[in-house]
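Structure, as structure tokens:
Quick note: the coordinates plus some simple rules give every number you see, no bench work behind them. Fair warning: this is a prediction, and the values are worked out from it, not measured in the lab. With ideal geometry, Cβ positions are generated from the backbone for all residues, glycine too; neighbour counts draw on all protein chains shown.
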Amino acid sequence: MTAREIDGFRLFAGKAGCQNCHAGWSFTDHAFYDVGLAGEDRGRGAVLRLEQAEHAFKTPSLREIGRRAPYMHDGSIATLADAVKHYVDGITDRPTLPPDLRKIALGADEQAALVAFLGTLTGEGDPRPPSAIAAQDVKAVPAEHVTSISQHDKQFTPTHAAIRRGERLWILNNDTRTHNVRVFDPKFDFDSGAQEPGETVEIAFPKAGSYLVFCGIHPKMEITVDVVRYSRSLRLSSCSGRAFGTALDFLHDSISCYSKGNGEDR
Ligand code: HEC
């Protein structure tokens, strides 16, 4: 990389705050934001029926960005230089702008450096699919018996909880961002609506079973909640204490854990 491209990367990861959303190897956190485009499109707001998610679109990856002009969901921005300029002085002020979107003052040189860095994200040859997709060795996180969960930095802590049936789960927003706690399950449908920083959401699960709880605005935020019968809870902790090799082993072992001597829970 040239010195200018490196300067651009420093701005991307630092002062310009691009990495707040374009994060990780794929340059996206897979969450939804209003980045202040002038159009009236409602984006995620229409799907979630949530005012706080109006005009929010999913952060796109920036890999191979040079091949994708025009930019943004509506193609309203023609070049990468215009995209960078949008973040400097083109943002439409609305109450839905997220705290992750900083007001940035970047001079012409800094903007050019950012554009140079974005240029490095496009490969030279034609893009090819990876020759082999390596299976990830996912280590399942053991469930912790907790009744309160914290949200911080677009993450739930812990990410795997076990509660007894009849206990409630409390989810506290310690984050700077608005969240939207959801369960979308045949046994149980739950929508917290907008959960502002400092607010707590309480969930009473109707039945024993395993539930996926996620945020509608930042869908990579997930917790698995195992709701267990009182008599089953000890057995659960011995099952979940085991280290599972792969996601498949985990599934297999959890099924055998749950099915051992436990009747249907109704
Ligand atoms: C608040 C989160 C957030 C921040 C901060 C952010 N972006 Fe984005 N970016 C997005 C979202 C969301 C979109 C898609 C918007 C749309 O399609 O309407 C996007 C789109 C883009 C695109 C167009 C991608 C495409 O395929 O159309 C580029 C280029 C881009 N951003 C670069 C940057 C740069 C450079 C910065 C830092 C100056 C930055 N972004 C900061 C969330 C963010």
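Each residue, Thr79 and Glu167, gets one label point 7 Å from its Cα in the Cβ direction; the gap between the two is 5.9 nm. Panel order for Tyr230, Tyr87, by other beta carbons found within 10 Å of each beta carbon, from fewest to most: Tyr230, Tyr87. Are any of the pairs Lys85/Lys220; Lys58/Lys187; Lys15/Lys85 more than 19 Å apart by Cα-Cα distance, and if so, which? Correct reply: Lys85/Lys220; Lys58/Lys187. Note on Arg102 and Lys220: the model spin-label points, each 7 Å out from Cα along the C-beta direction, lie 1.9 nm apart.
Could you tell me which of rounded, prolate or oblate describes the range 60-175, using a ≥ b ≥ c as the square roots of the eigenvalues of the alpha-carbon gyration tensor, with rounded for a/c under 1.5 and, failing that, prolate when a/b is larger than b/c and oblate otherwise?
Values: a/c = 3.22, a/b = 1.60, b/c = 2.02.
Note, shape of the range 60-175 comes out oblate.
Amide hydrogen proximity for Ile149: with H placed 1.01 Å from N in the peptide plane, the residues at 5 or more positions away or on another chain lying under 5 Å are Trp170, Ile171, Leu172. Approximating the spin labels as points 7 Å out from Cα along Cα→Cβ, the Leu121-to-Phe188 distance works out to 3.8 nm. For the range 167-190, the residues whose amide N sits under 19 Å from a probe point set 7 Å from the Cα of Val138 along the beta carbon direction are 182-186. Comparing Thr157, Pro70, Trp170 along the charge dipole axis of the range 70-220, the residue lying farthest to the positive side is Trp170, per the Cβ-charge model. Each of Phe156, Phe184 was scored by other Cβ atoms within 10 Å of its Cβ. Listed from fewest to most, they are Phe184, Phe156.
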